[in-house]
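Peer 1: Below you'll find the structure I mean.
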Amino acid sequence: MAQNPLQQNILIAFQDIQTALGRKNNTSLPLFRGDAQDPIEWLDDFERAATANQYNNEYKFQIVEKKTQGPSKVVTKYAKAIRKLIKQVDSERNWTEEQKIHSFTKKLRTDLLYAFWPLLVLKNNPTIDMAIKLV
């Protein structure tokens, strides 16, 4: 039997409530401040705490921004340089977002790339700005 849109919305809301009730907040999430702090170590700590709290990937993505206090200066400088380079090379703005993301990520440390890539993939229609913000 097919459900009408109202029934579907109620079912989705109920499923969201069930998911939220399954989350725990027993383990505090680490705060990332950037600069001298190791982003890979922080991401590992974040992942352990999120797993202990039974957070799914969607919820982790929602809260990860709240646990960071801005990107490190190195990433900021690199992002500015890449944006400037993209503007120079793609003056007619023909590059796709995927091409821009590739240009940004191809020189990142492999461990950093592997750490942030799953978070970017969770986004619908990722952009260069999303990639920079996540890094």
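The values are calculated or read from the model by the stated rules, or taken from the named source; none is laboratory data. As the structure is a computational prediction, the values presented were derived from the model and not from experiment. The area values use the complete protein model at the heavy-atom level, side chains included, leaving out ligands, DNA and RNA. Shrake-Rupley method; radii C 1.70, N 1.55, O 1.52, S 1.80 Å.
Peer 1: Give the accessible area for Glu41 in Å² (nearest 10); use a 1.4 Å probe, count only protein heavy atoms, and leave out ligands, DNA and RNA.
Peer 2: Surface accessible to solvent at Glu41 totals approximately 110 Å².
Peer 1: In addition: List the residues, sorted by chain then number, that are 5 or more residues from Gln54 or on another chain and whose placed amide H is less than 5 Å from its amide H.
Peer 2: The answer is Lys24.
Peer 1: Then there's this: Can you list residues from other chains, or at least 5 along the same chain, whose modelled amide H is less than 5 Å from the amide H of Phe32?
Peer 2: Thr68, Gln69
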